[in-house]
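Here the structure is laid out as structure tokens; the discussion comes afterwards.
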Amino acid sequence: MAPTEDATAATLAPPPPPPPPHFVIVPMVAQGHTIPMVDLSRLLASRGARVSLVTTPVNAARLRGVAAQAARAKLALDIVELPFPTDIAGLPPGIENVDQITDHNHFVPLFAALRKLAVPLEAYLRSLPPPRRPSCLISDWCNGWTAAVSARLGIPRLFFHGPPCFYSLCDLNALDHGLHEQTAAAADDTEKFVVPGMPVHVEVTKATAPGFLNSPGWEAQWAECVDAMRAADGAVVNTFLDLEAQFLACYEAALGKPVWALGPFCLANKGDAEATASRGNAPDVARQSAVTAWLDTMGTDDSVVLVSFGSLVRRLPKQLFEVGHGLENSGVPFVWVVKEQEAASPEVEEWLAALEARVAGRGLLVRGWAPQLAVLSHRAVGGFVTHCGWNSLLEAIAHGVPVATWPHFADQFLNERLVVDVLGVGVPVGVAEAPVMIFGDESAPVVAREDVARAVAALMGDGEEAGERRRKAKEYGEKAHRAMEKGGSSYESLTQLIESFRQSAGGEKKAKDGTVHAWSALKEQKKIDCHCNGSTGAEA
């Protein structure tokens, strides 16, 4: 019997297109970790992938604006709430984010609560119907508990590490070569140790050695995260080829698995004024307008310095006073962001008000949150005094703004070495090489007003060194934008990442050994070698 016309047409019809890959994103519940992973979610969704960003109720409430923006742009980006455990001893009700903590004793209980999210996360992933089955889980390096979930369900997993590849390579080499044990055993805090396996010479002390969660009391958490890193299928990093080519190559070689450089993530908001202004906080149109209007009054480009120290560290009054006097004495126009907790006492508020009166027209004090990305992208801003968190440094680099570096803890001291000694876009404030406690530490060294004024004057000056820093910063800024544009290294790496996890029409994922990795291809194309055993090149 001859086939019918309908049967013939059905036989000849092309198979239906495969569903878009579905990425499940699990950020660490801290602003400095969540912000880049939200940007990553936007990037993936803007290129046709489906994205589910998983968090807890308090943090989901902070991201309502992200969900609304995604809906208006018709992006497949969902915010998924997991129930937060309420039976954690030592953790006050309502604390679901590192930025909410006001007592050091709450950190360990918060991380204990986060580990309990494994059960609801697994339940959510199992509940997804076949068309929305997860193609890949991307979790923050600090969320090592996600490794067991992805292993049980057979879902490929990448880890996201927030610092630059320079720092991550230092940390991995320190781990692999026993440097952590050497620095921990040092009796003298000033003793210097060379980080092995680096393509440039890098020295650290006991206080500035690399490491996340490797302090006393965090041994189990740190071991879980390191094991999860080793077991992952690859890594995603917020950097770009023309900024860290050699460190990226060496990190990938040391890790032994693909490293996808997709940044700067902050440029995912390019062209979206609302997303830029509200990044990291609910939209505050009035505050954004006030800051922008003040910057618009500055008649000279690159004349204003932004001063901001991230979301965690809270300065004691004695250090606030030194910062304020230093900015006043520098003679440079400035925008200074002071946290609400720092300005809470009547003494500090009275002093800040007096300072505002003295610098009226030249200085602007912002209490609480400020639209940092929008400020850095303003033509009037030509310098940034920063705590050296990688988000802030990369935002500055992406907008061609040189920095004055004031590191405090974790990766920040090595981030300083990268921007000052390797990239040549920073000038150090000169902080003593000792960590600063998050909630104000009476024993922490106080940076004097003279050092603040000196660093700001050097950063914003007209000399040859300042001009060279500005030139390099502008050059890296242009390269950052090119990396994110079609044909750029980060754009193409994102394309390959998405294709690597695209499902076939039958729902089967591509075999891992068939995956094409964009960085490897670019490395071959550009003939970038990894020389990680010597100490040649610029010193760090």
Once normalised by the length of the range 106-198, the mean sequence separation of its alpha carbon contacts under 8 Å that are 6 or more apart gives a contact order in percent of 21
Relative contact order as a percentage, the range 1-149, C-alpha pairs under 8 Å and 6+ apart, gives 29
The answer for trypsin sites (Lys or Arg not before Pro) in the range 286-360 that fall in a DSSP coil and have at most 14 neighbouring Cβ atoms within 10 Å is none
In debye to the nearest 20, the charge dipole size for the range 34-112, taken about the Cα centre with +1 at each Lys and Arg Cβ and -1 at each Asp and Glu Cβ, equals 600
With a Förster distance of 22 angstrom and the Cβ-Cβ distance between LYS318 and GLU349, calculated FRET efficiency to the nearest 0.05 equals 0.90
The chain: relative contact order from alpha carbon pairs under 8 Å, six or more residues apart, as a whole percent, is 17
Expected vector for the range 243-253, Karplus 3J(HN,Hα) from phi with 6.51, -1.76, 1.60 and θ = phi - 60°, integer Hz, x for Gly and Pro, equals 9, 9, 3, 6, 5, 5, 4, 5, 5, 4, 5
Expressed in nanometres to one decimal, the distance between label points 7 Å along Cα→Cβ at LYS257 and VAL58 is 3.1
Of every hundred units of 1.4 Å-probe accessible area on the range 111-202, the number belonging to carbon and sulfur atoms, as a percent, is 57
XL table LYS270/LYS479; LYS339/LYS472; LYS270/LYS472; LYS74/LYS486; Cα-Cα > 24 Å flagged, in table order, is LYS339/LYS472
Projected onto the charge dipole of the range 113-172 (unit charges on the beta-carbon of Lys, Arg, Asp and Glu, signs +1, +1, -1, -1), the Cα from PRO130, PRO163, ALA118 with the largest positive-side position is that of PRO130
Of all DSSP beta bridges having both residues in the chain, the percent classed as antiparallel (nearest 5) is 5
Of the candidates TRP222, TRP351, PRO36, the farthest towards the positive dipole end of the chain (Lys/Arg Cβ +1, Asp/Glu Cβ -1, centred on the Cα centre) is PRO36
Here, ALA207 and GLN341, labelled 7 Å along Cα→Cβ, have an inter-label distance in nm of 2.2
The percentage of the accessible area of the range 42-86 (probe 1.4 Å, all protein chains present) made up of carbon and sulfur atoms, to the nearest whole number, is 54
Rounded to the nearest 500, the 222 nm mean residue ellipticity computed for the chain from DSSP H runs (n ≥ 4, each -39500 (n - 2.57)) alone is -13000 deg cm²/dmol
The answer for chymotrypsin sites (Phe, Trp or Tyr not before Pro) in the range 326-409 that fall in a DSSP coil and have at most 12 neighbouring Cβ atoms within 10 Å is none
Non-local residues with an amide H under 5 Å from the amide H of VAL385, with H modelled 1.01 Å from N and Pro and chain starts lacking one, are LEU306, VAL307, SER308, ALA404
Sequence order, the range 192-202: Karplus ³J(HN,Hα) from phi using 6.51 cos²θ - 1.76 cosθ + 1.60, θ = phi - 60°, Hz rounded, Gly and Pro as x, gives 9, 10, 8, 6, x, x, 9, x, 10, 6, 10
Answer in debye to the nearest 20: the dipole magnitude of the chain about its Cα centre, from +1 Lys/Arg and -1 Asp/Glu charges placed on Cβ, is 1680
With 0.36 nm assigned to each residue of separation and the Cα-Cα distance removed, THR297 to ARG482 gains 63.6 nm
Carbon/sulfur accessible area of the range 318-358, % of total, 1.4 Å probe, equals 53
Any trypsin sites (Lys or Arg not before Pro) in the range 64-127 that lie in a DSSP loop and have at most 12 other Cβ atoms within 10 Å would be LYS74
Note to self: with every protein chain in place and a 1.4 Å probe, the range 40-84 gives an accessible area per residue in Å² of 40
Non-local residues with an amide H under 5 Å from the amide H of GLY363, with H modelled 1.01 Å from N and Pro and chain starts lacking one, are PHE334
1/(1 + (r/R0)^6) with r = Cβ-Cβ of THR495 and GLU122, R0 = 51 Å, i.e. FRET efficiency to nearest 0.05, evaluates to 0.95
Placing +1 on each Lys and Arg Cβ and -1 on each Asp and Glu Cβ in the chain, then taking the dipole about the Cα centre, the residue among THR300, GLN496, VAL204 whose Cα reaches farthest towards the positive end is GLN496
Between the alpha carbon centres of the range 372-400 and the range 184-230 the gap in Å comes to 28
Given GluC sites (Glu not before Pro), DSSP loops and at most 14 other Cβ atoms within 10 Å, the longest exposed-site-free stretch of the chain is 1-190
Mean accessible area per residue over the range 285-438 (1.4 angstrom probe, all protein chains present, square angstrom) is 32
Taking only C-alpha positions in the chain, Rg and Dmax in angstrom work out to 23.9, 97
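The values are calculated or read from the model by the stated rules, or taken from the named source; none is laboratory data. If you're wondering where the values come from, they're calculated on a predicted model, not measured in any experiment. When we count neighbours, we look across all protein chains shown, and the Cβ atoms used for this are built from the backbone with ideal geometry, even at glycine. Ligands, DNA and RNA are stripped out before the accessible areas are found, and what is left, the full protein with its side chains, is counted by its heavy atoms. Shrake-Rupley method; radii C 1.70, N 1.55, O 1.52, S 1.80 Å.
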